[in-house]
Amino acid sequence: MRAGVVVPGVTDAAEVGTTGAGVDIDVVVIGAGQAGLSSAHFLGRAGFAPHTGYLVLDHEDGPGGAWRHRWPSLRMRTVHGVHALPGLAMDPVDPDTPAAEAVPAYFAAYEQHFHLPVRRPVRVRAVRRDPADRLLVQTSAGTWAARAVINATGTWDQPFWPRYPGQAEFTGRQLHTADYRGNAEFAGQHVVVVGGGSSAVQLLSEIAEVATTTWVTRRPPRLRERFTPEEGRAAVAVVDQRVRAGLPPGSVVSATGLPLTPQVRAAVARRLPMFDRITPTGVAWADGRRIRADAILWATGFRPALAHLAPLGLREPGGGIRVDGTRAVAEPRLHLVGYGPSASTIGANRAGRVAVREIRELLAGAPPRAA
């Protein structure tokens, strides 16, 4: 720690390092969602000491990660699946319990059960290289000098908003899935829902209970009547190939398709191709067709929240970070868990185990193992 500099949040003298740049620590985990908690669990099992050996930094006010912000009408019976965190199953809950309540409660119990060293709210501002062969994790609560970093920041903080001509002149309301709180606010309106994923279909159906709707997608949705384990592995392989090539991970739905449920079948029958421009009162196509709209809901997904890693200069010409398994190829001290092929609840668990194994080898002086 620099002479005369007090690092907020440090209460144990054993946490103060001697690199001259911040608090010495073996591993910093950024994010306390599924990927971060899974990684923290495996760090503890691998023998890293809480607080002095590893630490989890989370910018939220409480446990739950992105689940804290899911719309209230999303119930556990309609959630596509919450895979158990390693070592502790989720207690049965009423299917009508809002996911924004049930999952954060489970995450909170998990943190307490394993005594995970989670600090919040702490916002990570940047990760930089240090001349002393450390990664400096600069935050709202001070700086940590880590021998390795596990980035588990997910995507919820980075909603993707496409841009279309006339968008700024629209006089109605535009919102993203991340802003949705329920269908009541759309009662009696006409809503255009944009996006080809499962969230778009779900919200389309929900809003249609109180309003008229139009569903538009850039391309016809891929539909599937069933989803085999082999198809699941193939979809993950597609995403894995992209991140190995330094490309953005891409949409999981584009690789897996939508399940052909009655809800999806009814929606597809009324789907329209993507509009060409937005007018002050709605949307329009090049062939002259127009639809009036009171609101446009952009169910257009999210992008990885990685702005704090920009000082490391990891972006490839293709726009993504080249990753081998979970390890950033250009910075072997950094692992991305919950990114690319591990961007699922079950994938994050597996990736956390792999990342910790490779970090142990790295810190022991062995070359990182290729995935």
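For the chain, modelled as a GNM whose springs connect Cα atoms under 10 angstrom apart, the maximal fluctuation among Gly36, Gly182, Gly340 occurs at Gly182.
Annotation: Cα Rg of the chain relative to the compact-globule expectation 2.2 N^0.38 Å equals 1.06. Where does helix 99-113 land angle-wise versus the long Cα axis of the chain, in degrees 0 to 90, nearest 10? It works out to around 10 degrees. Building the convex hull from the alpha-carbon atoms of segment 84-168 and averaging its projection over directions returns 10.2 nm². Applied to segment 324-338, the Karplus parametrisation 6.51 cos²θ - 1.76 cosθ + 1.60 on θ = phi - 60° returns per-residue 3J(HN,Hα) values of 10, x, 10, 8, 5, 4, 7, 8, x, 7, 10, 10, 10, 10, x Hz, with x for Gly and Pro.
In terms of overall dimensions, the C-alpha atoms belonging to segment 267-328 reach 48, 27, 21 Å along their principal axes, ordered largest to smallest.
Compared with the alpha-carbon gap, the fully stretched path from Asp94 to Arg224 is longer by 43.9 nm at 0.36 nm per residue. Please list, by residue number, every one of the trypsin sites (Lys or Arg not before Pro) in segment 43-90 that is coil in DSSP and has at most 11 other beta-carbon atoms within 10 Å. Sites meeting the loop and neighbour criteria: Arg77. Under 5 Å between amide H atoms, partner at least 5 residues away or on a different chain: which partners does Arg224 have, H built in plane at 1.01 Å? Hits under the 5 Å cutoff: Leu258, Leu260. Of the trypsin sites (Lys or Arg not before Pro) in segment 296-371, the ones in a loop by DSSP (not H, G, I, E or B) with at most 16 other beta carbons within 10 Å are Arg369. On the basis of the beta-carbon distance and an R0 of 51 Å, Arg289 and Gln112 show a calculated FRET efficiency of 0.35. In terms of the Cα gyration tensor, with a ≥ b ≥ c the square roots of its eigenvalues, is segment 31-135 rounded because a/c is under 1.5, prolate because a/b exceeds b/c, or oblate? Note, shape of segment 31-135 comes out prolate.
Working from label points 7 Å from Cα in the Cα-to-Cβ sense, the Arg357 to Asp324 distance is 1.6 nm.
Taking the chain as a Gaussian network of alpha-carbon nodes connected by springs under 10 Å, the highest mean-square fluctuation of the residues Pro311, Pro221, Pro72 belongs to Pro311. Near Val191, once Lys and Arg are set to +1 and Asp and Glu to -1 for all other residues with Cβ below 15 Å from its Cβ, the sum equals 0. Computed from Cα positions, the angle between helix 345-363 and the longest principal axis of the chain comes to roughly 20 degrees.
If each residue's Cβ is checked for other Cβ atoms within 10 Å, how do Glu101, Glu60 rank with the fewest at the top?
Ranking Glu101, Glu60 by Cβ neighbours within 10 Å, fewest first, gives Glu101, Glu60.
In this calculation the C-beta distance from Thr212 to Ile346 is compared with R0 = 41 Å, giving a FRET efficiency of 0.60.
Since every read-out is calculated from the coordinates, none of them should be taken as a lab result. Everything numeric in this text was worked out from a predicted model, so none of it was measured. Backbone-built Cβ (ideal geometry, glycine too); neighbour counts: all protein chains shown.
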